[in-house]
Amino acid sequence: MTLFLTTFQGELAALSAAFIWAIASLVYASFGKQMPPLLLNFLKSSIAILLILLTLGLRQEMPSLEMKPLVLLFVSGSIGIGMGDTAFFTSINCIGARRSLLLEALAPPLTALLAAIFLQEQLGIRACLGIALTIAGVTWVIIERMPDRDVSYQRPQRGILFGVLAAFSQASGAVLSRAAFVETSVSPLYSTLIRLGGGVAVLLLLLLLQRQHWQCLAGLRSRRFLAAITATSFAGTYMAIWLQQTALKYTKAGIAQSLSATSPLFILPVAWSMGEHLSFRAVLGVLIALSGVWLLFNFS
């Protein structure tokens, strides 16, 4: 068991991140009705930074880092978190969760392609098949499980544009993080801090240009709302990105991103536990994705 955990710690971290993000996304969806995507992204990332600084202080860990990997991680966060997450939240507001998540499925193959070009990370045929099956299964589940009848689509072209931008931003951020890990032995937690710092820097700049968003901070006067967003930031940002960075450190970028994209699969057990019926199509999608995950664990 210990050997398995050590051998596949990157893959297991990616799946854990997907599970946590699946649960947190349910809460973030409700937050999105109370404040704009830009401000929501800024708040969750800022809270996560405070939590990481507290963790590093308790562990008495503040390692030094060379300039090149530091810049790579900072730019990775600026693109992947600052631009990517905001673009994803914007896409949801324009075309709904189903179509946005469908466009998000572009991120794993884009990551594998960029990693092959810039990092010379070559994947075998079976690993590529595993990625393809994982994406296919997730896409199948998304199409079946996420109807958008309650969403009014007023700006579909804008939503598609931001959805593609989100996928490309996350792929680029993942490859830049992977490149930083190749250059140095920095810990995943410290790299998470640097990435979040890059994301917050971009978000703060954008918020200064759109001052009207700050009016939405009035909602933080509610202790219940503040407690909810802090708890969700702990799980959905602090823990999820830490695990994602762990995955990028210990496995190839394309595999890490593919496994991290399985979040929609974890929504199904939650729906089933709440009494919802799962169709044969949804179960089939899960089995297809799991077969892809099995290939990634055995032939990556």
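The values are calculated or read from the model by the stated rules, or taken from the named source; none is laboratory data. Only a predicted model underlies this, so the values are computations on that prediction, with no experimental measurement involved. Here Cβ is always computed from backbone atoms with ideal geometry, including for glycine, and neighbour counts include all displayed protein chains.
So which residues in the range 200-214 are assigned to a helix (DSSP H, G or I), surrounded by 11 or more Cβ atoms within 10 Å (Cβ to Cβ) and at pLDDT below 85, if there are any at all? Hits for the range 200-214 are His213, Trp214. Per the conditions (1) among the aliphatic types (A, V, I, L, M); (2) at pLDDT below 85; (3) closer than 22 Å to Phe74 by Cα, the sole criterion not satisfied by Val151 is (3).
Filtering the range 9-56 to residues that are more than 19 Å from Leu243 (Cα to Cα) and among the charged types (D, E, K, R) leaves only Lys33. For the range 95-102, the condition holds for no residue, the condition being that it is at pLDDT 85 or above, among the polar types (S, T, N, Q), part of a helix (DSSP H, G or I) and crowded, with 20+ Cβ neighbours inside 10 Å.
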